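The values are calculated or read from the model by the stated rules, or taken from the named source; none is laboratory data. Only a predicted model underlies this, so the values are computations on that prediction, with no experimental measurement involved. Ideal geometry is used to build each Cβ from the backbone, glycine not excepted, and the neighbour counts take in all protein chains shown.
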Amino acid sequence: MALRRKFVPPVQAVRGGWRITLGVDERSLLIRMMGEFEALITGPDDNELLSRLFPVAYPEDEEKEAEYQRLMREELVASRLSAIESVVTTLDPEHTELLSEGETIAFMQSINAIRLVLGSLLGITDDESADDADDGDSPEHQLYDFLGWLLEWTVRSLSPD
């Protein structure tokens, strides 16, 4: 008779907060990805991979769009950088405290942002194009799927029963 281990979600709500139950390898991967994401969003503004993170607000008016980007982009980048810092801290294997709702939301938003960037790299614009992707077995597609799975469980953990 084989013993079956009970599935433990990668992110779960528990009394007093949230817990990330990922292993050391998964945590290390996500920490590395947060560093790469930070470098990407603090790099040149014209990187096409960032188009889904900083969408055009005024497509019909270049002047309004330039003003919007001038006023908002720095604030949006600062918000993302703060979330990245929070995520890196909470993913540290030595971090044993439960996550607050804010830390869990920062985790969710950062995972989603990286998934959007990776989707742009892969030419994925929606669930249908993800299903139709040419090379679904590539490491990049597997990473995209892993991030989607992680995002789903994070959203579930934040949703009331």
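Overview of values
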| item | result |
| --- | --- |
| Filtered residues of the range 1-38 (kept if farther than 14 Å from Ser86 by Cα and among the small types (Gly, Ala, Ser)) | Ala2, Ala13, Gly16, Gly17, Gly23, Ser28 |
| Evaluation of Thr96 against (1) assigned to a helix (DSSP H, G or I); (2) of a type in the set (S, T, N, Q); (3) over 20 Å from Leu151 (Cβ atoms) (one fails), failing number | (1) |
| Positions within the range 35-94 being hydrophobic (A, V, I, L, M, F, W, C), closer than 18 Å to Ser120 by Cα and touching a Lys or Arg at 6+ places or on another chain (Cβ under 9 Å), in sequence order | Phe37, Ile41, Leu53, Phe54 |
| Looking only at the range 1-28, and only at residues there that are exposed (fewer than 15 other Cβ atoms within 10 Å of the Cβ) and among the aliphatic types (A, V, I, L, M), the one that is farthest from the chain's Cα centre (by Cα) | Met1 |
| Residue match in the range 72-95 (condition: modelled with pLDDT under 95, on the phi < 0 side of the Ramachandran plot and basic (Lys, Arg)) | yes |
| Members of the range 98-126 found to be charged (D, E, K, R) and free of Cβ contacts under 8 Å to residues at least 40 places away in the same chain, listed by number | Arg115, Asp126 |
| Residue list for the range 53-90, filter: in contact with a Phe, Trp or Tyr (Cβ under 9 Å, 6 or more places away or on another chain), closer than 14 Å to Gln109 by Cβ and of a type outside the set (Lys, Arg) | Leu76, Val77, Ala83, Ile84, Ser86, Val87, Thr90 |
| Members of the range 1-47 found to be basic (Lys, Arg), over 16 Å from Thr154 (Cβ atoms) and not in a helix (DSSP H, G or I), listed by number | Arg4, Arg5, Lys6, Arg15 |
| Selection from the range 1-60 of residues that are among the β-branched types (Val, Ile, Thr) and touching a residue at least 40 places away in the same chain (Cβ under 8 Å) | Val11, Val14, Ile20, Val24, Ile31, Ile41 |
| Test: residue in the range 24-43 that is touching a helix residue (DSSP H, G or I) at 6+ places or on another chain (Cβ under 8 Å) and on the phi > 0 side of the Ramachandran plot | no |
| Failed condition for Ile105, given (1) more than 20 Å from Leu49 (Cβ to Cβ); (2) modelled with pLDDT under 95 | (2) |
| Residues of the range 1-39 classified as under 16 Å from Leu151 (Cα atoms) and aliphatic (A, V, I, L, M), total | 10 |
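This table checks each residue for (1) touching a Ser or Thr at 6+ places or on another chain (Cβ under 7 Å); (2) under 20 Å from Leu150 (Cβ atoms).
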{"position": "Ile41", "(1), (2)": "no, yes"}
{"position": "Met72", "(1), (2)": "no, no"}
{"position": "Ala78", "(1), (2)": "no, no"}
{"position": "Ala83", "(1), (2)": "yes, yes"}
{"position": "Ser86", "(1), (2)": "no, yes"}
{"position": "Leu91", "(1), (2)": "no, yes"}
{"position": "Ser100", "(1), (2)": "no, yes"}
{"position": "Ile105", "(1), (2)": "no, yes"}
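The rows are residues; the columns are (1) exposed (fewer than 11 other Cβ atoms within 10 Å of the Cβ); (2) farther than 17 Å from Met34 by Cα.
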| position | (1), (2) |
| --- | --- |
| Glu48 | yes, yes |
| Arg70 | yes, yes |
| Glu94 | yes, yes |
| Ile105 | no, no |
| Gln109 | no, no |
| Leu143 | no, no |
| Gly148 | no, no |
| Leu158 | no, yes |
